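The values are calculated or read from the model by the stated rules, or taken from the named source; none is laboratory data. Small disclaimer: the values here were computed from a predicted structure and weren't measured. Note that each Cβ is placed from the backbone with ideal geometry, even for glycine, and that neighbours are counted across all protein chains shown.
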Amino acid sequence: MPEQRWNTTSSSSPNAGSAAWPPAPRTTPNATLVVRVPAGRYLRVRTEGPLPYAIVDGWATIWAAEDRGELDRAYATDFEVWPAGRQPEIYVSLRPAR
């Protein structure tokens, strides 16, 4: 399974003067959904195959890797990105590097 670990570079913080966290999503004039994702370490899982099976298989792969002790999940902010015309990606939050 293709995967990549990455770090967000956002300086936003759940405690940085926000009355509500997470902030509500908003849309831009061209109907693009905009959300803020907390900074941290994430595992990106690229899906393959027809939908919705690709997403189900992606999550099954994540859970199997976790059962084998290969992931140190944070259970903080997991999310999916569904870009138009491309395969969705799953992002799983990881604990900080030791």
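Listed here are the residues, each with its yes/no results for (1) at pLDDT below 95; (2) part of a loop (DSSP other than H, G, I, E, B); (3) out of contact with any helix residue (DSSP H, G or I) (no Cβ under 7 Å at 6 or more places or on another chain).
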position	(1), (2), (3)
Trp21	yes, yes, yes
Ala39	yes, yes, yes
Trp59	no, no, yes
Ile62	no, no, yes
Tyr75	yes, yes, yes
Ala84	yes, yes, yes
Gln87	yes, yes, no
Ser93	no, no, yes
Tally of residues being surrounded by 12 or more Cβ atoms within 10 Å (Cβ to Cβ), among the hydroxyl-bearing types (Ser, Thr, Tyr) and over 16 Å from Val35 (Cβ atoms) across the range 54-98: 1
Residues located in the range 41-53, provided they are surrounded by fewer than 16 Cβ atoms within 10 Å (Cβ to Cβ) and part of a strand (DSSP E or B): Arg44, Arg46
Tally of residues being without any contact (Cβ under 8 Å) to a residue 24 or more places away in the chain and more than 12 Å from the chain's Cα centre (by Cα) across the range 58-97: 14
